[in-house]
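Step one of this worksheet: look at the structure below.
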Ligand code: NAD
């Protein structure tokens with residue numbers, strides 16, 4: 001079928017690059033439906049904070065059921081033409097998306113910093129890791145190649161093709177407001193689906209800026225839509241009869257809820273949950289390297305990463321030296337507003353979250369741990385922004401709240417164990433299984449760890465082993481509900497379904513009447 005170019009998209013491209021991002025200019029954050037911003041009409045809304053100052057920066061409208069329905073209707077209407085568009089034309093658009101995100105990465109990073117609070121270099125890293133997924137998706141012509149078996153039976157060929165699902169939805173967390181949406185929509189639209197994104201209500205503006213860039217790249221209206229909102233929008237997505245699949249990333253209780261409801265409604269679902277990532281340090285490890293890694297992976301992004309190191313497991317006699325080395329580095333971490341280029345760690349996302357994180361310092365002390373560094377002593381803790389200094393808790397045991405719960409803040413805990421086997425048991429007994437790392441110079445120990453540890457992503461002397469875009473991302477146990485990891489090859493599988501065609505063309509030499517069950521000849 002010949003695809004007619006969208007004249008509005010061509011006109012927009014001719015008009016040149018976008019100027020100031022709409023999202024940043026508006027005090028109210030809108031939806032994005034059918035290629036344009038749509039003001040929220042439900043009358044319900046929530047505050048979006050500037051975490052560095054603690055002030056409300058803008059309001060985000062929360063979608064009603066009808067607003068979600070409008071976005072799904074736009075996606076449904078756009079689907080037939082989008083899925084019929086040739087792979088080469090889709091690839092062209094993906095290349096333009098890639099180039100526009102790259103060209104505007106600083107503006108996108110600035111929006112992330114403004115609402116999430118993470119420092120600019122970290123926000124730029126987030127955009128770069130998201131961009132990798134768009135780059136992967138530009139190879140869609142190769143990724144969608146099927147299989148072909150010639151002469152499976154005499155005169156009969158069998159082949160498999162993969163086709164898009166239809167309208168698919170993504171529900172994303174606050175901690176990666178640009179990267180996690182890119183994990184999802186890049187492959188989803190490359191495969192020919194249309195997409196409805198429900199970003200976190202805590203930092204919603206990056207999603208709108210991305211929508212603008214996609215439109216500017218020539219993506220037809222309705223292929224990518226954004227509905228802002230809370231549980232009302234999520235519940236409507238989960239039950240909507242026109243949505244074929246749901247990708248979710250967030251905390252474990254909500255991931256479980258989303259998975260159960262989406263699958264009960266007959267949808268395909270991948271729901272990535274929370275984490276409690278352990279970093280095992282063996283006695284033969286390079287101690288300086290391990291201490292640097294613990295600081296970087298424990299306090300980077302103020303600990304608000306699903307791949308952050310939450311617990312250092314010190315094996316044998318390395319413990320005292322390791323805790324000393326980590327403690328000695330704590331004063332060097334520069335804490336300040338994310339927009340200040342000298343800051344290495346910014347504030348947390350909201351006051352409520354900051355206070356919940358800080359509460360673990362009290363419960364840890366009450367339960368018998370040793371609080372080596374209490375982030376509440378940092379001068380910025382008393383300011384209006386949502387800051388907490390770097391915190392370190394030693395002599396933690398598995399029964400303590402600070403070990404059992406996902407804290408999701410700049411609080412590093414240290415568990416001391418006598419031997420390697422105790423360390424592996426700790427990781428394997430933990431209900432989460434997102435990432436884990438081992439620090440050692442012993443290749444045999446590292447290989448044994450890789451063999452027996454129960455986690456989806458493993459680092460060997462690498463503390464945050466987030467897979468590159470041509471592998472797939474996902475944890476085990478309570479860190480992922482569903483069969484499929486996210487992005488990379490498993491993302492392509494998730495966003496397509498297989499169709500196997502058995503075909504024969506008229507040939508007088510092979511034609512006959514046969515009432516038996518078809519069999520190969
Ligand atoms: P969250 O679970 O609170 O929110 C995630 C999404 O669910 C948001 O869009 C939110 O609006 C929605 N939501 C929240 N409460 C809901 C409810 N009661 N019903 C329906 N929808 C609801 O998570 P968060 O605080 O935004 O993000 C942090 C969490 O995400 C952490 O647990 C972190 O480990 C996890 N995370 C996991 C990964 C991963 O790849 N496994 C990646 C990033 C973050």
All but one of (1) more than 16 Å from the ligand (Cβ to nearest atom); (2) free of Cβ contacts under 8 Å to residues at least 24 places away in the same chain; (3) part of a helix (DSSP H, G or I) hold for residue 358; state the number of the condition that does not hold. (2)
Subset of segment 192-206, residues more than 10 Å from the ligand (Cβ to nearest atom) and outside any strand (DSSP E or B), comes to 192, 193, 205, 206
Could you look through segment 305-334, keep only residues that are within 21 Å of residue 377 (Cα to Cα) and buried (at least 23 other Cβ atoms within 10 Å of the Cβ), and pick out the one that is farthest from the chain's Cα centre (by Cα)? 326
What about residue 209, is it assigned by TED's automatic domain parsing to the domain that holds residue 38 and within 16 Å of the ligand (Cβ to nearest atom)? no
Name the strands (runs of 3 or more DSSP E) wholly inside segment 234-352 in which the number of residues that are farther than 24 Å from residue 493 by Cβ and at pLDDT below 95 is 1 or more. none
In segment 463-493, residue surrounded by the most Cβ atoms within 10 Å (Cβ to Cβ) [restricted to those that are free of Cβ contacts under 8 Å to residues at least 60 places away in the same chain and part of a loop (DSSP other than H, G, I, E, B)]: 472
What's the number of the condition residue 442 fails, among (1) modelled with pLDDT of 95 or more; (2) more than 16 Å from the ligand (Cβ to nearest atom); (3) touching a strand residue (DSSP E or B) at 6+ places or on another chain (Cβ under 7 Å)? (3)
Could you check residue 496 against (1) on the phi < 0 side of the Ramachandran plot; (2) within 14 Å of the ligand (Cβ to nearest atom); (3) buried (at least 18 other Cβ atoms within 10 Å of the Cβ) and say which number it fails? (2)
Would you be able to say whether some residue in segment 51-59 is closer than 30 Å to residue 241 by Cβ and surrounded by fewer than 16 Cβ atoms within 10 Å (Cβ to Cβ)? no
What about residue 258, is it more than 25 Å from residue 409 (Cα to Cα), within 8 Å of the ligand (Cβ to nearest atom) and buried (at least 22 other Cβ atoms within 10 Å of the Cβ)? no
Output the residues belonging to segment 261-275 that are out of contact with any helix residue (DSSP H, G or I) (no Cβ under 8 Å at 6 or more places or on another chain) and either assigned by TED's automatic domain parsing to the domain that holds residue 337 or surrounded by 23 or more Cβ atoms within 10 Å (Cβ to Cβ) (or both). 275
Identify, by number, the condition in (1) in contact (Cβ under 8 Å) with a residue 60 or more places away in the chain; (2) over 30 Å from residue 115 (Cβ atoms); (3) in a strand (DSSP E or B) that residue 148 doesn't meet. (1)
From 235, 242, grab the single residue that is farther than 18 Å from residue 164 by Cβ, over 16 Å from the mean Cα position of the chain (by Cα) and either away from the ligand (no atom under 15 Å from the Cβ) or surrounded by fewer than 24 Cβ atoms within 10 Å (Cβ to Cβ) (or both). 235
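The values are calculated or read from the model by the stated rules, or taken from the named source; none is laboratory data. This one's a predicted model, so the numbers in the text were calculated from it and none came from an experiment. Cβ coordinates were reconstructed from backbone atoms using ideal geometry, including for glycine residues, and neighbour counts include every protein chain displayed.
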